[in-house]
1. Taking the Cβ of Glu140 as the centre, find all other residues whose Cβ is under 14 Å away and add up their charges (Lys, Arg: +1; Asp, Glu: -1).
2. What length, rounded to one decimal in nm, is gained on full extension from Ala96 through to Lys45, with 0.36 nm per residue of separation minus their alpha-carbon distance?
3. Using r as the Cβ-Cβ distance of Ala105 and Phe14, and R0 as 30 Å, what FRET efficiency do you calculate, to the nearest 0.05?
4. If you average the C-alpha positions of segment 75-154 and of segment 11-56 separately, how far apart do those two centres end up, in angstrom?
5. Which length gain, in nm to one decimal place, applies between Tyr25 and Lys52 when the Cα-Cα distance is subtracted from 0.36 nm times their residue separation?
6. Looking at segment 1-105, which GluC sites (Glu not before Pro) are DSSP coil and have at most 16 other C-beta atoms within 10 Å of their C-beta?
7. Tally Lys and Arg at +1 and Asp and Glu at -1 over the other residues with C-beta under 13 Å from the C-beta of Ile109: what net charge comes out?
8. Compute the signed sum of charges (Lys and Arg +1, Asp and Glu -1) over the other residues within less than 10 Å, Cβ to Cβ, of Leu124.
Amino acid sequence: MELILKQDVANLGFQDDVVTVKNGYGRNFLIPKGYAILATSSAKKVLAEVLKQRAFKEEKVIKEAQAIADAIKALEIKIPAKVGTGDKLFGSVSNADVANAIGKAGSEIDKKFITIAGGLIKRLGKYNAKVRLHREVILELPFDVIADGQPVKPTKAKESKPAKEEKEAKPAKEVKATEEAKEDK
């Protein structure tokens, strides 16, 4: 089913894009919610005319998006995360963490426009994210996931046997000493 998007839809496209989706997704979600309309021949002609009129404004928006992309490319993004043994993270790093790191560096990007290959990151290392600033401006952003401070060593839940025996042995010795003192009286 071919549709024309009336507004931006995450993981599908931007406003005025012509997209092909499965029939159920279009009929049951996109059209009833007002996110899209059917891409009939007359709707496509109207869209082409609207896009022609908007071309000048669009060039300006693309230049602004390209300027933001150049500023983001110049950044060296390092995301600190808590680490256990073997470079495994406690938790994971997601697109929201990348968006926060970019925000701290000075450029605000919504997390829904950032995509990390494989979804969540669970180990230290170098990774890439795709940042989509405009339908024509998409950049590859390299970033590092680094250890936050010292690696956290897992603590032992149970005491070792010798330490446990020492604790149990002390009270027994004290009991014997008090019994002997009573006998002497």
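1. Numbers: positive: Lys73, Lys126, Lys130, Arg132; negative: Asp70.
So the environment of Glu140 carries a net charge of +3.
2. Values: separation 51, 0.36 × 51 = 18.36 nm, distance 3.86 nm.
14.5 nm is the gain from fully extending Ala96 to Lys45.
3. On the way: r = 25 Å, r/R0 = 0.83.
Efficiency, from the Cβ-Cβ distance: 0.75.
4. 33
5. Numbers: separation 27, 0.36 × 27 = 9.72 nm, distance 2.92 nm.
The span from Tyr25 to Lys52 would gain 6.8 nm if fully extended.
6. Values: sites: Glu2, Glu49, Glu58, Glu59, Glu64, Glu76; in loops: Glu76.
Hits after loop and neighbour filter: Glu76.
7. Details: positive: Lys73, Lys104, Lys111, Lys112, Lys130, Arg132; negative: Asp97, Glu108, Asp110.
That works out to +3.
8. +2
Each value in this text was obtained by applying a stated rule to the coordinates, not by laboratory testing. Remember, predicted model here, so these are calculated numbers, not experimental data. Please note: Cβ atoms are built from the backbone with ideal geometry, for glycine as well, and neighbour counts cover all protein chains shown.
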